[in-house]
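One structure is given below, encoded as structure tokens.
The values are calculated or read from the model by the stated rules, or taken from the named source; none is laboratory data. Please read these numbers as outputs of a predicted model, since none were measured by experiment. Neighbour counts are summed over all protein chains in view; Cβ atoms, including those assigned to glycine, are modelled from backbone coordinates with ideal geometry.
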Amino acid sequence: MPIQELISGPNPARDDVQQTAFTYDVVGRYICNNWQEITAAQGSGAYPFDVVVIGAGMFGAYCAEKLYRLGSASALRILLLDAGAFLLQSHIQNLPQQLGGKVGGPSYLRTRDDASGAQNVIWGMPWISNEGFPGLAYCIGGRSLFWGGWSPPLTDADLANWPNDTTAYLKSADGYPKTAEEIGTATNALTNAVNAAIPLDGITEVNEAPLAVQGMPPRSGLFAFDKYSSAPFIMDALRNDVSRNAAYGDLSRRIFLVPRVQVHRLNLTGNTVTSIDLSVEGARQLLQLASGCAVIVANGTIESTRLALESLGVGSLQFGSPRVGNLMAHLRSNITVRIKRTALGLAGPPTEVETTALILRGSTMGRRHVEHGSGH
Ligand SMILES: Cc1cc2nc3c(=O)[nH]c(=O)nc-3n(C[C@H](O)[C@H](O)[C@H](O)COP(=O)(O)OP(=O)(O)OC[C@H]3O[C@@H](n4cnc5c(N)ncnc54)[C@H](O)[C@@H]3O)c2cc1C
């Protein structure tokens, strides 16, 4: 029997936690706030928001977490908005049997949302295209809950046109090396560091700890089981805030995440964004920003570009209305190639399952590209 849509009732939820037919919404409730709570949190005695981050996906949620941690000395207040709602607390591949179901992608590629809207719970198409797309995963963590895990750093050639301070930061110890450690692509930096510090009094060996967290894949070409997504990062920041900064309730808290908020437009006064047009659960709202409030646009490449073009007028005017070029694209085609083992200098059949993964970088017609390959 199909289950019915739920309609919110007149009574407050017990313990402030809603329930569905199957679920106690504890995790969603513990990390998200609603619009009324955000309005109240800016009431008298509270500081206004210093930063609004649009999109709580791979980059927005990561960025908001960093602003929370690094902004503690100045008590930075951060508002994180996302068009989707809480879905999973971790990468789908970290969950038992990957949770199954079809939530990992849309059923088929399409050029626009059809009448039924998002596919497989969260996969929506905010734009119209002449190419089929999986679309965006409208949920906290965004596509980071589903990504494959390849994260090669940009090369010097890639960074040639980037601002000097950004390039210097990415190449510093706080840049790529630190992120690689955080997201698990550099797995044994700590072991190496501790090994370098030996001899320590009484310690004879330093090795990987027998923890039930696998930072390193068992074989080259396989992914680590503890796969990065931005969801645990932002959840940790939000819960840390509740435990440390709630002496005056929400008035003194520093970071809030509001789901089901679709940002439509950034409104300018001169060159400054002073308010944001958005919909909260489908109802239009205007979010007024305090003077000096920074806005971080992180709602996916294409949607962010739409906001930049439409609201900020950024882009080339060569063809009339503002346009941008050189967007990075992820084009995928699978090619199966069979190579004789003898051609690789390998004698006889393998004695165990052999897999590997390679990254190939190259350039053609003045454009750089990256290929990933895995083999067994
Ligand atoms: C199956 C799969 C495998 C992948 N594998 C890899 C890989 O191996 N390596 C790699 O580098 N990349 C990979 N990717 C791509 C990678 O996941 C994305 O590049 C990355 O998640 C983009 O981050 P983002 O923050 O820009 O967007 P997202 O993670 O999509 O987050 C955007 C967020 O913005 C919200 N949003 C959208 N519009 C609005 C709006 N108007 N208002 C408010 N909120 C809005 C969405 O709900 C979403 O939460 C893969 C993607 C998929 C789907």
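Based on this model, can you work out whether residue 142 counts as near the ligand (Cβ under 7 Å from one of its atoms) and surrounded by 21 or more Cβ atoms within 10 Å (Cβ to Cβ)?
The answer is yes for residue 142.
Is there a residue being among the charged types (D, E, K, R) and part of a helix (DSSP H, G or I) anywhere in region 31-39?
Looking for residues that are among the charged types (D, E, K, R) and part of a helix (DSSP H, G or I), one finds at least one in region 31-39, hence yes.
Residue 352 is checked against (1) assigned to a loop (DSSP other than H, G, I, E, B); (2) at pLDDT 85 or above; (3) acidic (Asp, Glu) and fails just one. What number does that condition carry?
(2)
Tell me which residues, restricted to region 292-319, are more than 8 Å from the ligand (Cβ to nearest atom) and part of a loop (DSSP other than H, G, I, E, B).
Answer for region 292-319, where residues must be more than 8 Å from the ligand (Cβ to nearest atom) and part of a loop (DSSP other than H, G, I, E, B): 292, 293, 313, 314, 315, 317, 318, 319.
Determine if region 167-183 includes at least one residue that is within 11 Å of the ligand (Cβ to nearest atom) and either surrounded by 13 or more Cβ atoms within 10 Å (Cβ to Cβ) or assigned by TED's automatic domain parsing to the domain that holds residue 293 (or both). Talk me through it step by step, then tell me what you get.
The initial filter retains those residues of region 167-183 that are within 11 Å of the ligand (Cβ to nearest atom), namely 183.
Then keep just the ones that are either surrounded by 13 or more Cβ atoms within 10 Å (Cβ to Cβ) or assigned by TED's automatic domain parsing to the domain that holds residue 293 (or both); that gives 183.
The answer is yes; a qualifying residue exists.
Could you check, for region 40-48, whether at least one of its residues is surrounded by 10 or more Cβ atoms within 10 Å (Cβ to Cβ), free of Cβ contacts under 8 Å to residues at least 12 places away in the same chain and closer than 23 Å to residue 272 by Cα?
Checking region 40-48: at least one residue is surrounded by 10 or more Cβ atoms within 10 Å (Cβ to Cβ), free of Cβ contacts under 8 Å to residues at least 12 places away in the same chain and closer than 23 Å to residue 272 by Cα.
Tell me which residues, restricted to region 126-146, are under 24 Å from residue 184 (Cα atoms) and in a loop (DSSP other than H, G, I, E, B).
140, 141, 146 - these are the residues of region 126-146 that are under 24 Å from residue 184 (Cα atoms) and in a loop (DSSP other than H, G, I, E, B).
All but one of (1) more than 10 Å from the ligand (Cβ to nearest atom); (2) in contact (Cβ under 8 Å) with a residue 12 or more places away in the chain; (3) under 17 Å from residue 107 (Cα atoms) hold for residue 130; which doesn't?
(3) is the only condition that residue 130 fails.
For the condition away from the ligand (no atom under 15 Å from the Cβ), within 28 Å of residue 136 (Cα to Cα) and buried (at least 20 other Cβ atoms within 10 Å of the Cβ), what is the one hit in 30, 68?
So the residue among 30, 68 that is away from the ligand (no atom under 15 Å from the Cβ), within 28 Å of residue 136 (Cα to Cα) and buried (at least 20 other Cβ atoms within 10 Å of the Cβ) is 68.
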